[in-house]
Each structure stands twice: as C-alpha cells, then as structure tokens.
Amino acid sequence: MPARLQPSAAQPQATPPGPAVPVHVGIIMDGNGRWAAERGLPRAEGHRRGMEAVRQAVSSATELGVKYLTIFSFSSENWTRPSEEVQLLFALLRIFIQSDLADLHEKNVKITVIGADEGVPKDICLLLEDAERVTANNTGLGFQVAFNYGGRDEIARAVRRIAPKLMRGEVTPAEITPAMIAAHLDTAGIPDPDLIIRTSGELRLSNFLLWQAAYSELVFLPIYWPEFDRKAFGQAIDEFSRRKRRYGGLATASVAG
Ligand code: IPE
Ligand code: IPE
Ligand code: MG
C-alpha cells in the first residue's frame, strides 16, 4: 500500500459499515432439472452439478461470515417423483457424505440432519447419524441438511413429542407456547433463518421451514441451483442487507443498523 494511503495512527480510520450478514441462511436448492434440460443433458447431470453447488455454498457461507446454513436436500413431497430419480438423489447424498465428511469435519463444520427417518434407506440413516456424531463437537458453521423434510411434518413431530408429556401431566395446556413448540422442532436450539434463498425463479416455500420462516427475508434468485456460487450468495446477502425488518413493529432501521 502506498505510504500516503496508510491510515495514520493519530487519525484512526472508521471501519466502513459492511453489509449486514445474516446469522442463519436457509436455501431451497431448486432448478437442477431445468438447468440440465436447457442444455440437453439428463436430469441426473443437473443433480450432480447441484452437488458441486452445495460444496460452494458451504465454503461461501463460512467465508461470508454466516453461522448457520440449512439446505433443502429432499422434501417430504419429493417421494412423488419417479423412483429412479429418488434413488439417484439418495445415491448422490451417499456420495456427498462419503466423499466430503472428512473435509467438512476438518473445516470445523457441525452437521445436523432435520427431517423424518421413515422410508429412508437404513444405510443412509446410518451415514447421516455418523456425520452428526463425528462433527457433534465442532464449533464452526452449523450445517443443517433438511432431508426427507417437510415443514408440516416437522410441526406434527413436535406435537407428537409434546403429547406424551401432556398425557403424563408433566406439561399443562397453558404451558404450550410458541417457545415450547420451537423447542420440540427438529431445529431446536438453532436460531430462525434470517434469510431464505430460493433459486430457479419459483416464488414459494414448498414446505420449507414453515414455522421458522415467520420473519425470514426471502430472496428469489433467477438462476438454477447448479449456477449458484459465491457471487450469487454475496448478491443475496447484499439484497438482505438492504431490507428493513420490522417484525410487526414500526422501527424503520435497516438490518445494517
Ligand atoms: C432441485 O432441483 C433438487 C430437488 C428438489 C431434490 P429440481 O429437481 O427440483 O429441478 P427442477 O425444479 O425440476 O428444475
Ligand atoms: C423444493 O423443490 C424441494 C427441494 C429443494 C428439496 P421442489 O422442486 O420439490 O418444489 P416444487 O415442487 O417446485 O414446489
Ligand atoms: Mg424443482
């Protein structure tokens, strides 16, 4: 740096305010099939490229200062797809965990899986449990994989977790508050997403984090998931930093403060 541009010790330079970084980002990774179709490729190729984009998303999240990243990997409604596609998505998850777990662990990433076990092949359940166990004490990025996940299913699971306590008399109906329900969701202990990004241009949540998205900022990117990279992640965060969050109140301060 030229000497004349160096900040002098006598006159410390103010740090310019950077964009406000969301603590928790949820991503609805959509558009693998359309990405492939537009290039005359099989859908499988779109899903394979989508796995590369997941790697980019994880490393970008850490670089950008995001603390929690939740990706929508397989929805409770995706079972309605042809079984060959479901099997392919499962195979790619196996490959991802087997090839990337050591690297994610090395990068201090803590993996948590949200979603239901029902219907998921046993070997995948074991792989996911192993990923959670191996990374349980990591203190870096909290990486939630929403697999066989649906927001309504998750709320029903929370109710099923509370019901026995109610029946045993450990909990009274008056104690069933939003905070108690949140504490029984799969995401218990993880802050609600500040930002939810969806690729592919579709403008819906498709059953993703329904409870937790109450006050999330939504950013819809006009690119397909295989095209998602650090630049796209940064653009979504820039958009987030321009939003004014009011939570039903009247404060007009932007998220940047
Ligand atoms: C996202 O891409 C991957 C999953 C939903 C598992 P899609 O497979 O939904 O791709 P499109 O929406 O058909 O293009
Ligand atoms: C949402 O994408 C589910 C995942 C990203 C895993 P979909 O492609 O399944 O959603 P719809 O069918 O367009 O609503
Ligand atoms: Mg889709």
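The values are calculated or read from the model by the stated rules, or taken from the named source; none is laboratory data. All values derive from a computational prediction rather than experimental measurement. In this analysis, Cβ positions are derived from the backbone assuming ideal geometry, glycine residues included, and neighbour counts consider all displayed protein chains. Calculation scope for accessible area: heavy atoms of the full protein, side chains included, ligands and nucleic acids excluded. Shrake-Rupley method; radii C 1.70, N 1.55, O 1.52, S 1.80 Å.
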Q: Determine the relative contact order of the chain: mean sequence separation of Cα pairs under 8 Å and six or more apart, normalised by residue count, in whole percent.
A: 27 percent
Q. With N residues in the range 24-241, what two-decimal value do you get for its Cα radius of gyration over 2.2 N^0.38 Å?
A. 1.03
Q. Under 28 Å from the Cα of Lys244, which lysines turn up, not counting those fewer than eight places away in the same chain?
A. Lys67, Lys231
Q. Could you give the dipole magnitude of the range 134-239 about its Cα centre, charging the beta-carbon of Lys and Arg +1 and that of Asp and Glu -1, in debye to the nearest 20?
A. 460 debye
Q) Shape call for the range 133-176 from the C-alpha gyration tensor, a ≥ b ≥ c root eigenvalues: rounded (a/c under 1.5), prolate (a/b greater than b/c) or oblate? A) prolate
Q.
For Phe143, what residues show an amide H to amide H distance below 5 Å, using hydrogens built from the backbone and excluding near sequence neighbours?
A. Leu69, Lys110, Ile111, Thr112
**Q.** For the range 87-173: span of alpha carbons on each principal axis (Å, largest first)
**A.** 46, 33, 19
**Q.** Fully extended contour minus Cα-Cα distance, from Arg242 to Leu166, at 0.36 nm per residue
**A.** 23.0 nm
Q. Once the Cα atoms of the range 45-113 are picked out, what are the Rg and Dmax in Å?
A. 13.1, 38
Q.
Just to be sure I understand the model, the point goes 7 Å from the Cα along the line to the Cβ. What's the resulting Asp229 to Leu250 distance in nm?
A. 4.7 nm
Q: In whole Hz, with x marking every Gly and Pro, tabulate ³J(HN,Hα) for the range 176-181 from phi via Karplus 6.51 cos²θ - 1.76 cosθ + 1.60, θ = phi - 60°.
A: 7, 10, x, 5, 5, 4
Q | From the C-alpha gyration tensor of the range 30-150, square roots of 5λ in Å | A | 24, 18, 12
**Q.** Electrostatic dipole magnitude of the range 39-138 [Cβ: Lys, Arg +1; Asp, Glu -1; Cα centre; debye, to 20]
**A.** 280 debye
**Q.** Calculated FRET efficiency for the pair Ala214/Asp103, C-beta based, R₀ 45 Å, to 0.05
**A.** 0.85
(Q) Heavy atoms only, 1.4 Å probe, whole protein assembly: order Glu77, Glu45 by accessible area, highest first. (A) Glu77, Glu45
Q) Can you work out the FRET efficiency for the pair Leu203 and Glu84, with r the C-beta to C-beta distance and R0 = 25 Å, to the nearest 0.05? A) 0.30
Q. Trypsin sites (Lys or Arg not before Pro) within the range 37-105: which are DSSP loop residues with at most 13 other Cβ atoms inside 10 Å?
A. Arg39
